[in-house]
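Reviewing the structure listed below.
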Amino acid sequence: MLGQVVLLLIAQIMEEILFDTALLDEMGSKKSTIRVLEYYLEDSPKYLLDLEKLLAEKDFPSLINKSHKLKGSLGMLKAELLVSLIYQLETAASTELNFDRLQEILAQLKEKLLLLDTQLLQEIKKIKDSL
Amino acid sequence: MKILVAEDNVMLLKTIELKLIKEGYEVFTTPDGRETMKEIIRLRPDMIIADVMMPYASGLEVVSMVRQQLKWKTPIIILSAMEQEEVILNAFDLGADDYITKPFSLNELVIRVKRLLNRNI
């Protein structure tokens with residue numbers, strides 16, 4: 001069972017690389033890229049928890065604000081798919097579309113954020129191995 | 001050359017900080033607008049790079065304080081998102097020198113920093 005889950009995870013990772021470190025590589029140091037990726041990984045779960053809490057509280061202005069901040073990080077990671085989901089979330093929250101739709105978008109975002117975290121951990125390992 | 005970078009997104013803040021340090025600048029960072037205003041007076045930086053949306057005081061309020069209260073000509077670059085055109089116009093009205101929209105190339109940011117610093121020598 002665990003093996004199947006791992007295989008599924010690997011298959012997902014192989015299929016869909018969600019980021020590109022091109023912008024971060026402009027720092028000119030692999031160690032700097034690792035540090036910044038680690039900062040992202042430290043912050044990312046907090047963003048997700050905040051988004052879930054704000055949606056549950058129906059605090060749409062704060063939800064838009066928090067989404068906007070997360071979008072800044074995802075943009076620097078060139079995580080286009082996730083940026084597009086954030087746009088959808090912001091738009092839905094600003095027009096106060098139906099609550100089910102917002103939950104649906106946030107669920108998709110959560111799934112992809114978790115996948116991104118896994119991929120970034122792999123990337124950090126890859127860069128460390130190359131040093 | 002001292003550069004103060006004000007940004008509440010830790011990842012972005014560290015990215016800019018590491019790049020500017022590599023370019024040889026002395027970099028100071030602040031996580032919100034209120035702290036930024038204090039540090040501007042304490043450090044008297046050669047340049048300020050400030051995000052528009054920060055807690056306690058926005059990047060626009062920072063520009064306003066530097067230009068209208070302190071009457072300093074310190075170069076200021078504003079960091080903004082793509083959809084904030086109106087905010088960028090306000091920033092220029094208040095006296096910001098340049099802006100860059102997120103996500104941005106760090107190399108482009110450095111070019112803008114150098115250009116503004118050279119202009120003010």
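Each reported figure results from applying straightforward, stated rules to the coordinates on display, with no laboratory input. Since the structure is predicted, the reported quantities are computational estimates derived from the model, not experimental observations. In this analysis, Cβ positions are derived from the backbone assuming ideal geometry, glycine residues included, and neighbour counts consider all displayed protein chains.
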TODO: May I ask for the angle, rounded to the nearest 10°, between helix A:30-56 and the longest principal axis of chain A, with both axes built from Cα atoms and the value confined to 0 to 90°?
DONE: 20
Open item on the list: Please list, by residue number, every one of the GluC sites (Glu not before Pro) in the range A:22-120 that is coil in DSSP and has at most 14 other beta-carbon atoms within 10 Å.
Closed with: A:Glu57, A:Glu96
- [ ] Find the centroid of the Cα atoms in the range B:76-121 and in the range A:66-102, then give the distance between the two in whole Å.
- [x] 24
Open item on the list: Taking the Cα centre as origin and putting +1 on Lys and Arg beta-carbons and -1 on Asp and Glu beta-carbons, what dipole magnitude results for the range B:1-103, to the nearest 20 debye?
Closed with: 460
- [ ] Ratio to report: Rg/Rh of chain A, with Cα atoms as the point set and Rh obtained by the Kirkwood method; give two decimals.
- [x] 1.01
TODO: Please sort by residue number the GluC sites (Glu not before Pro) in the range B:35-96 whose DSSP state is loop and whose Cβ has at most 13 other Cβ atoms within 10 Å.
DONE: B:Glu83
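Let me have the relative contact order for the range B:26-121, percent, based on Cα pairs under 8 Å that are six or more residues apart.
Values: 112 pairs, mean separation 23.1, N = 96.
Once divided by the residue count of the range B:26-121, the mean separation gives 24 percent.
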Task: Of B:Ile48, B:Tyr25, B:Tyr99, farthest towards positive along the dipole that unit charges on Lys, Arg, Asp, Glu beta carbons give chain B - done: B:Tyr25
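Tell me the trypsin sites (Lys or Arg not before Pro) within the range B:57-121 that lie in a loop according to DSSP and have at most 14 other beta-carbon atoms within 10 Å.
Working: sites: B:Arg67, B:Lys71, B:Lys73, B:Arg112, B:Lys114, B:Arg115, B:Arg119; in loops: B:Lys71, B:Lys73.
Passing both the DSSP loop test and the Cβ count: B:Lys71, B:Lys73.
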Task: Peptide A:69-78, shielding by other chains (average Cβ, 10 Å cutoff) - done: 6
- [ ] Using the Cα centre as the reference, give the magnitude of the dipole from point charges on the C-beta atoms of the protein assembly as shown (Lys, Arg: +1; Asp, Glu: -1; all else neutral), rounded to the nearest 20 debye.
- [x] 1040
Task: Shielding by other protein chains, A:23-32, mean Cβ within 10 Å - done: 5
Open item on the list: Suppose only helical runs count, i.e. DSSP H with n ≥ 4. What mean residue ellipticity at 222 nm does that imply for chain A under -39500 (n - 2.57) per run, divided by all residues and rounded to the nearest 500 deg cm²/dmol?
Closed with: -28000 deg cm²/dmol
Open item on the list: Counting only other chains, and only Cβ atoms inside 10 Å, what mean value do you get across the residues of B:12-23?
Closed with: 5
TODO: Check the straight Cα-Cα distances from A:Lys128 and name the lysines below 17 Å, setting aside those fewer than 8 residues away within the same chain.
DONE: A:Lys30, A:Lys31
TODO: Please say if the protein assembly as shown is rounded, prolate or oblate, where rounded means a/c under 1.5 for a ≥ b ≥ c the square roots of the C-alpha gyration tensor eigenvalues, and otherwise the choice is prolate for a/b larger than b/c and oblate otherwise?
DONE: oblate
Open item on the list: For B:Ser80, A:Ser94, B:Ser58, which order do you get if you count the other beta carbons within 10 Å of each Cβ and list the fewest first?
Closed with: A:Ser94, B:Ser58, B:Ser80
